[in-house]
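> The structure follows.
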C-alpha cells in the first residue's frame, strides 16, 4: 500500500472515527463539514453502511429525511450515522452548527404525531462566567469558567457538559461547546442531540445524546467520533 494513502487512512480514522471501543456495535457519526477537508478518493473509506441525514428544502414538521448513504448522491447530508438499533426515515429537527455561549437558550418542541398533547418541550441552555482581563486589556477575555450545557424538560433539568476554557492571545476562545443538531432520530418522540466539546483548538469530540429508554434520565451519552477540522 502507498505510504501516503496509509497515512491519510490512519489519520482520518483516529481523528474522525474515535469510538466507544468497548461497545460491540458502537454508534459512529461523521460531520460532513469536517470530513470534506480530507481526500475522499485517497482514504477509500466505505460509508455504505451509514445513514445520511439530509435537510429538506421545504420546512415542516418532518424537515429532515434520513436514508442509506450512497456516494453517487449529489446532495450533501448534514451528517452520517451508523450503529443505531432503529432510525426514522424522516424527522423534525434543527441544524444549528455553531459554538454556544453563556446566556444562550434554545426552546425546541419534539412533536408527538399520534397525540399532540403529549408533545414535549425542551429548553437547551448554556451557563458560565466569562472572565474578563484586567483594565479591559486586549484580548478582553481570559476564558469561560463553569461553562455548562444543560437541558430542562418537564420536571427534569440535567447538566450534560461542564468545562473551563481559555482564550487566545489574539482574541477568541480556544475551545467551546458546539451544538450541531437537535431532533428525534430513533422515533421515540423524545429529544436527541449531536454536540461537540473542545478545550483545545486541535480537536473537537463528537457526542450523541440519545433519549434514555428507561426514562430515569433525559439522555444516554455516546462518544461517537472526533474531528480536527470543524
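The values are calculated or read from the model by the stated rules, or taken from the named source; none is laboratory data. If you're wondering where the values come from, they're calculated on a predicted model, not measured in any experiment. Reconstructed Cβ throughout: ideal geometry from the backbone, glycine too, with neighbour counts over all protein chains shown.
> Could you count how many residues in the range 19-47 are within 21 Å of the chain's Cα centre (by Cα) and at pLDDT 70 or above?
Number satisfying all stated conditions: 10.
> Looking at residue 208, is it within 13 Å of the chain's Cα centre (by Cα), part of a loop (DSSP other than H, G, I, E, B) and closer than 21 Å to residue 26 by Cβ?
No, not satisfied.
> Kindly indicate whether any position in the range 93-100 is within 30 Å of residue 200 (Cα to Cα) and outside any strand (DSSP E or B).
Going residue by residue through the range 93-100, those that are within 30 Å of residue 200 (Cα to Cα) are 93-100.
Right, trim to outside any strand (DSSP E or B) and you get none.
Looking through the range 93-100, none of the residues is within 30 Å of residue 200 (Cα to Cα) and outside any strand (DSSP E or B).
> Here's a follow-up. Check 185, 208, 218, 194 and return the single one that is in contact (Cβ under 8 Å) with a residue 24 or more places away in the chain, crowded, with 18+ Cβ neighbours inside 10 Å, touching a strand residue (DSSP E or B) at 6+ places or on another chain (Cβ under 8 Å) and within 17 Å of residue 98 (Cβ to Cβ). Break it down into steps so the answer makes sense when it comes.
Working: 185 fails: within 17 Å of residue 98 (Cβ to Cβ); 208 fails: within 17 Å of residue 98 (Cβ to Cβ); 218 fails: within 17 Å of residue 98 (Cβ to Cβ).
After applying the criteria, what remains is 194.
> If you check residue 169 against the conditions, is it surrounded by fewer than 13 Cβ atoms within 10 Å (Cβ to Cβ) and in a loop (DSSP other than H, G, I, E, B)?
On the way: surrounded by fewer than 13 Cβ atoms within 10 Å (Cβ to Cβ): yes; in a loop (DSSP other than H, G, I, E, B): yes.
Judged against the criteria, residue 169 is a match.
> Let me ask something else. When you go through 126, 144 one by one, which is the residue that is in contact (Cβ under 8 Å) with a residue 40 or more places away in the chain, under 30 Å from residue 63 (Cβ atoms), surrounded by 13 or more Cβ atoms within 10 Å (Cβ to Cβ) and under 23 Å from the mean Cα position of the chain (by Cα)?
Exactly one residue qualifies, and that residue is 126.
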